[in-house]
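Step one of this worksheet: look at the structure below.
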Amino acid sequence: MRSKNYSKPQLIGLVVLRAAIGWHFLFEGLAKISAQNWTSYLYLMDSKGLFENVFKALAENEKGLVFIDNLNIWGLVLIGLFLMLGLFTKQVTIAAISLLSLYYLSHPPFFNLDYAMPSTGSYWIVDKTLIEMIALVVLFVFPTSKEIGLDRLISKKK
């Protein structure tokens, strides 16, 4: 099952990267499901930067917040599952990059921005969210799901 375009190590490396990112998304979604009364309210209210007012306005809209919370949870779960399975990966990769972009824009890692919520370290511009977005761009440019994934079954039917 080797791709004509990738060596075996390249294909394995890209599939492992896709599965690891998928696992990360899936785990984050399941963690939010299992947390009692999880909401993005505090995270959104802690937003800083250029789009701070937009994120805070979203948090203050009670009905909108319920929609955002469900979209976030189920987006994470479905993106994670689909990446791991190699299903609709082009579309799912775009959705994942979009979701991570929102996280990045709500909490940009710039100097002189202090957040109430703890971070995983001190960053300046490049943080784990940006790195994961870049990795997803790599997966978008070098797709593997038609070699190893359920997209292979779909492409055979066409």
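Details
- Fluctuation leader among Phe110, Phe25, Phe140 - the chain, Gaussian network, Cα springs under 10 angstrom: Phe110
- Tilt relative to the chain, helix 62-85 - C-alpha long axis, 0 to 90 degrees, to 10: 20 degrees
- Cross-link reach list, aspartates and glutamates versus Lys156, counting only Cα pairs under 19 Å and skipping chain neighbours closer than eight places: Glu147
- FRET efficiency for Ile154 and Ser34, using Cβ-Cβ distance with R0 set to 35 Å, rounded to 0.05: 0.65
- Relative contact order (%) - criterion: Cα under 8 Å, at least six apart; region: the chain: 31 percent
- Mean projection of the Cα convex hull over all viewing directions, computed for the range 30-73: 3.1 nm².
- Cα-based radius of gyration for the chain, normalised by 2.2 N^0.38 Å, reads 1.15.
- Entries in Lys63/Lys146; Lys8/Lys157; Lys48/Lys128; Lys32/Lys157 that, when Cα-Cα distance is taken, lie over 29 Å: Lys63/Lys146; Lys32/Lys157
- Comparing Ser106, Ser98, Ser34 in a Gaussian network model of the chain where C-alpha atoms under 10 Å apart are linked, the largest mean-square fluctuation is found at Ser34.
Read the figures in this text as sums done on the coordinates, not as results from a lab. A quick note: this is a predicted structure, and the numbers were derived from the prediction, not measured. Positions of Cβ are generated from backbone atoms using ideal geometry, with glycine treated the same way; all protein chains shown enter the neighbour counts.
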